[in-house]
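Some notes on the structure that comes next.
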Amino acid sequence: METRAETLMRWLAGATLAAMIAAVFIGGRIPGINSYFPAPWDKLLHLTAYGVAALLLTIVLRGRRPWLVLLAVMAAGFADEFHQAFIPGRHAGLDDILANFVGAGMVCFGSLVSAVTAKAAQQTEARRSG
């Protein structure tokens, strides 16, 4: 059974994720916004932002289905790049998509490793006590 604090944490993570996605799409429409983060720092920003998005979605989904987290975050990344292609002064780039994937992928991989480790620990404990 989920505690009230856990439920609140999941709702806050979801609200923060929604705000982040809105900020990416709304802020991305500002002409010249890409000049604030010149290469290669823009890739670090992509990696960090999409890693945080994956972490927030992982919290919302209670650490379950890391593949779905990766798929959803990458869908948002593709949508952002597609959106940028139609904004004057902006461009869509595969390098940005790769940075998004690396950021989200690291979080999803960590979530998967954590789940496997926790399951192994439970099985070990069950064998000791059984």
What are the pairs, 6+ residues apart or on separate chains, where a residue within region 106-128 that is in contact (Cβ under 8 Å) with a residue 24 or more places away in the chain and part of a helix (DSSP H, G or I) has its Cβ under 7 Å from a residue that is surrounded by 10 or more Cβ atoms within 10 Å (Cβ to Cβ) and polar (S, T, N, Q)? 107/58; 111/58
May I ask you to verify whether residue 10 is modelled with pLDDT of 95 or more and of a type in the set (Lys, Arg)? yes
In region 1-20, the residues that are touching a residue at least 12 places away in the same chain (Cβ under 8 Å) and farther than 16 Å from residue 63 by Cα: 16, 20
Members of region 84-97 found to be without any contact (Cβ under 8 Å) to a residue 40 or more places away in the chain and either among the polar types (S, T, N, Q) or in a helix (DSSP H, G or I) (or both), listed by number: 94, 97
I'm told residue 29 meets every condition in (1) free of Cβ contacts under 8 Å to residues at least 12 places away in the same chain; (2) outside any helix (DSSP H, G or I); (3) under 17 Å from residue 93 (Cα atoms) except one. Can you identify the failing condition by its number? (1)
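Does at least one position in region 23-40 carry a residue that is more than 16 Å from the chain's Cα centre (by Cα), polar (S, T, N, Q), surrounded by 10 or more Cβ atoms within 10 Å (Cβ to Cβ) and more than 21 Å from residue 72 (Cβ to Cβ)? Quick ask: steps written out before the conclusion?
Residues of region 23-40 that are more than 16 Å from the chain's Cα centre (by Cα), as a first pass: 26-40.
Cutting the leftovers down to polar (S, T, N, Q) gives us 34-35.
Right, trim to surrounded by 10 or more Cβ atoms within 10 Å (Cβ to Cβ) and you get 34.
Remaining after also requiring more than 21 Å from residue 72 (Cβ to Cβ): 34.
The answer is yes; a qualifying residue exists.
Looking at 92, 85, which is the one that is over 26 Å from residue 5 (Cα atoms), modelled with pLDDT under 95, of a type outside the set (D, E, K, R) and touching an Asp or Glu at 6+ places or on another chain (Cβ under 6 Å)? Spell out the reasoning first.
Values: 85 fails: touching an Asp or Glu at 6+ places or on another chain (Cβ under 6 Å).
Selected residue: 92, the only one of 92, 85 that is over 26 Å from residue 5 (Cα atoms), modelled with pLDDT under 95, of a type outside the set (D, E, K, R) and touching an Asp or Glu at 6+ places or on another chain (Cβ under 6 Å).
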Quick one: in region 32-63, of everything that is without any contact (Cβ under 8 Å) to a residue 12 or more places away in the chain and outside any helix (DSSP H, G or I), which residue is nearest to residue 80 (Cα to Cα)? 37
Any idea which of (1) of a type outside the set (Lys, Arg); (2) more than 15 Å from residue 101 (Cβ to Cβ); (3) in a helix (DSSP H, G or I); (4) in contact with a Ser or Thr (Cβ under 9 Å, 6 or more places away or on another chain) is the one residue 69 doesn't satisfy? (2)
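The values are calculated or read from the model by the stated rules, or taken from the named source; none is laboratory data. Bear in mind that the values here come from a model prediction, so they are computed numbers and not experimental data. Glycine also receives a Cβ, built like all others from the backbone with ideal geometry; neighbour counts cover every protein chain displayed.
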